[in-house]
Amino acid sequence: MVTQPTLTVLVAVMKEMITALLLFLNVTLVAGANPMMDDFSGKPEARWEFLTDQVMGGVSTGQMRFETMDGRPVAHLSGTVSTANRGGFIQFRTALKDSLSQSASGVQITVKGNGERYFVHLRTSWTLLPWQYYQAGFDTTGDWQTIQLPWSDFKASGSMLWQTPSPTSVRSLGVVAFGKDHEADLWIQSVGFY
């Protein structure tokens, strides 16, 4: 039987380990007022990081580049998503520096793509394990479109999470090519919260 003092020490050690892990992973922070809307101006490479399923043994490959299109800064996510070796994603993500207001209604993203379905993944203060997130999908066309994803569109990745995320608990946002074998080619003009 674990005593109360032992349990308290274990919880404190786990918090320290999680903090150390986040520092080790060099999670970048988004600067700016609430609600956050990133148009990839300034130095977006300081705010966003790219990763693939290779962190868990997958074989998906890709890249995220910041470019200029029609005189405007954009992010370009491209690559090959493969479900081999239990993989199946490429993504770029950012951590929020400030908490969102409870009045935030959801995520807004302006995109064009290759006709594939893409996803926004949110992590919150309650998504402690790497496979925990909230997900909402959106379809793309070859034309720019602004898509609003209300909180109710975000589904929990497992039964241990609340059904929908609370705006004040959101800690990071990722744009993801996910879940099936395909070529990703997604252009993002802006992404943030409305």
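Within the stretch 64-82, track down each residue that is touching a Leu at 6+ places or on another chain (Cβ under 6 Å) and either open to solvent by 10 Å² or more (accessible area, probe 1.4 Å) or modelled with pLDDT under 95 (or both).
The first filter runs over the stretch 64-82 and keeps only residues touching a Leu at 6+ places or on another chain (Cβ under 6 Å), leaving 64, 77.
Residue satisfying the conditions is Met64 alone.
Scanning the stretch 34-63 for residues that are open to solvent by 30 Å² or more (accessible area, probe 1.4 Å), of a type in the set (S, T, N, Q) and not in a strand (DSSP E or B) yields Asn34, Ser41, Gln54.
Of all the numbered requirements in (1) touching an Asp or Glu at 6+ places or on another chain (Cβ under 7 Å); (2) farther than 16 Å from Val176 by Cα, Asp98 misses one, and that requirement is (1).
If you filter the stretch 83-125 down to residues that are part of a strand (DSSP E or B) and of a type in the set (A, V, I, L, M), you find that the one that is surrounded by the fewest Cβ atoms within 10 Å (Cβ to Cβ) is Ala95. Residues in the stretch 134-187 that are in a strand (DSSP E or B), without any contact (Cβ under 8 Å) to a residue 60 or more places away in the chain and open to solvent by less than 10 Å² (accessible area, probe 1.4 Å): 4 in all. Among (1) under 15 Å from Ile188 (Cα atoms); (2) without any contact (Cβ under 8 Å) to a residue 40 or more places away in the chain; (3) not polar (S, T, N, Q), there is one condition Leu77 misses while meeting the rest; what is its number? Only one criterion in (1) under 15 Å from Ile188 (Cα atoms); (2) without any contact (Cβ under 8 Å) to a residue 40 or more places away in the chain; (3) not polar (S, T, N, Q) is unmet by Leu77, namely (2).
From the list Asp98, Asp153, Asp143, which residue is within 21 Å of Met69 (Cβ to Cβ), out of contact with any Phe, Trp or Tyr (no Cβ under 8 Å at 6 or more places or on another chain) and among the charged types (D, E, K, R)? The conditions single out Asp143.
The values are calculated or read from the model by the stated rules, or taken from the named source; none is laboratory data. What you see is a predicted model, and the numbers here were worked out from it, not measured in a lab. Cβ atoms come from the backbone with ideal geometry, glycine included; neighbour counts cover every protein chain shown. In case anyone asks, the SASA skips ligands and DNA or RNA and just uses the protein heavy atoms, side chains included. Shrake-Rupley method; radii C 1.70, N 1.55, O 1.52, S 1.80 Å.
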